[in-house]
Amino acid sequence: MLRSMITAANTMNQLQQQLDVISNNIANSNTTGFKRRETNFGELLVQQFDNLPDDQAARLTPAGVRRGVGAKLAETNLVLKQGPLMQTGRMLDVALTKEGQFFRVLAENADGTTAIRYTRDGAFSLTPSSTNPNVLMLVTTDGYPVLNSNNEPIVIPDGFKDITITDTGTLRVIAPDGRVAQTADIGVTNIVRPQLLESVGDNLYALPDVAALNVPEADVAVNMVGNLRPQINVQQGALEQSNVDVGTEMTDLMITQRAYQMNAKSISISDQMMGLINGVRS
């Protein structure tokens, strides 16, 4: 009975983690550019009992008895499927229309240092620069500076008439007299191995230290610069919505809850049976 309780408890712990993943997906169903995660389970260690070592019978299944100790959450995969586009008509709203491509932004770490982060959220805005009041900085919804192809914050002069963004992510500032006052290439990175992306909050992702993983940087992420710029595909005046299907997530939520309840019932029944055994009098 103790083994059955341990097996059920192990599985319940892993199912709770799956519930957390599903809950996070549902909570971000309306988050711009959010990418859902899906879970995959694997089996924990299995103990083999060869109770009939001399068995010569023809069998369709492996010989012996296998007793497992529960299931584990093997991995959570980031799903980069393209989300639906919502037309906004706003000049600073930009949607990436190719899977695997991310905007580069500059975010501050907890220790005060800054690092490059990646996002699919193209709801940009302009804010006065802290160093020069005559220029404006392109930032995300949470105020993180958007980087250009040289990994520098994009700044534009104040007093412009319009801003256009080409299909390949080139931002053009139109002066009041109609001339192009400034251009800047929005920094875009193609993530080759998206499963290495780590969520760091605020709809941002970070890459681990690829050198420590002994993986070439070009095999993980490629900055779309130079001859790679034509491969970028963005749409101005639109935003990419979350790729979360609430109906699918609710179905997975109910299935996970039923599995959790079944394992909880297994513990309860095992406890009752142990009580009956302890109550037996010779």
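If the segment from residue 141 to residue 274 were pulled out straight at 0.36 nm per residue, it would be longer than the present Cα-Cα gap by 42.2 nm. If you take the Cα centroid of segment 123-200 and the Cα centroid of segment 48-118, the two points sit 31 Å apart.
For segment 85-240, the normalised intensity computed at q = 0.14 Å⁻¹ comes to -0.70 (log10 of I(q)/I(0), Debye sum over alpha carbons, equal scatterers, no solvent). Based on the reciprocal of the average 1/r between different C-alpha atoms, the Kirkwood radius for segment 59-175 equals 17.7 Å. Think of it as helices only: each DSSP H run of n ≥ 4 in the chain is worth -39500 (n - 2.57), and spread over all residues that comes to -7500 deg cm²/dmol at 222 nm. At a Förster radius of 35 Å, what calculated FRET efficiency corresponds to the Cβ-Cβ distance of residue 202 and residue 258, to the nearest 0.05? Efficiency computed from Cβ-Cβ geometry: 0.55. Shown for the chain: lysine pairs separated by 8 or more places, or found on different chains, whose C-alpha atoms are under 24 Å apart, numbering 5. Could you state, as a whole-number percent, how many of the C-alpha pairs of segment 169-282 are farther apart than 21 Å? Cα-Cα pairs in segment 169-282 separated by more than 21 Å: 70 percent.
Rounded to the nearest 0.05, what FRET efficiency do residue 44 and residue 210 have when you use their Cβ-Cβ distance and R0 = 41 Å? Rounded to the nearest 0.05, the efficiency is 0.85.
Taking the Cβ-Cβ separation of residue 66 and residue 250 as r and a Förster radius of 45 Å, what is the calculated FRET efficiency to the nearest 0.05? Efficiency for this residue pair is about 0.85.
Write down the Kirkwood hydrodynamic radius of the chain, to one decimal in angstroms, obtained as one divided by the mean of 1/r over all alpha carbon pairs. Here the Kirkwood hydrodynamic radius works out to 22.7 Å. Would you kindly calculate the translational diffusion coefficient of segment 217-282, applying Stokes-Einstein with the Kirkwood radius from alpha carbon pairs, for 37 °C and a viscosity of 0.692 mPa s, and quote it in µm² s⁻¹ without decimals? Value of D from the Cα-based Kirkwood radius: 179 µm²/s. In order along segment 97-113, phi translates into HN-Hα couplings of 10, 10, 5, x, 9, 9, 6, 9, 10, 9, 10, 9, 7, 5, 8, x, 7 Hz, rounded to whole numbers, per the Karplus curve 6.51 cos²θ - 1.76 cosθ + 1.60 with θ = phi - 60° and x for Gly and Pro.
Exposed loop positions in the chain were taken to be trypsin sites (Lys or Arg not before Pro) whose DSSP state is not H, G, I, E or B and which have at most 12 other beta-carbon atoms within 10 angstrom. Between these positions, the longest stretch is 180-280.
FYI, it's all coordinate maths here, none of it is from the lab. What you are looking at is a predicted structure, and each value in this text was computed from that prediction instead of being measured. So basically every Cβ, Gly included, is an ideal-geometry build from the backbone, and we count neighbours across all protein chains shown.
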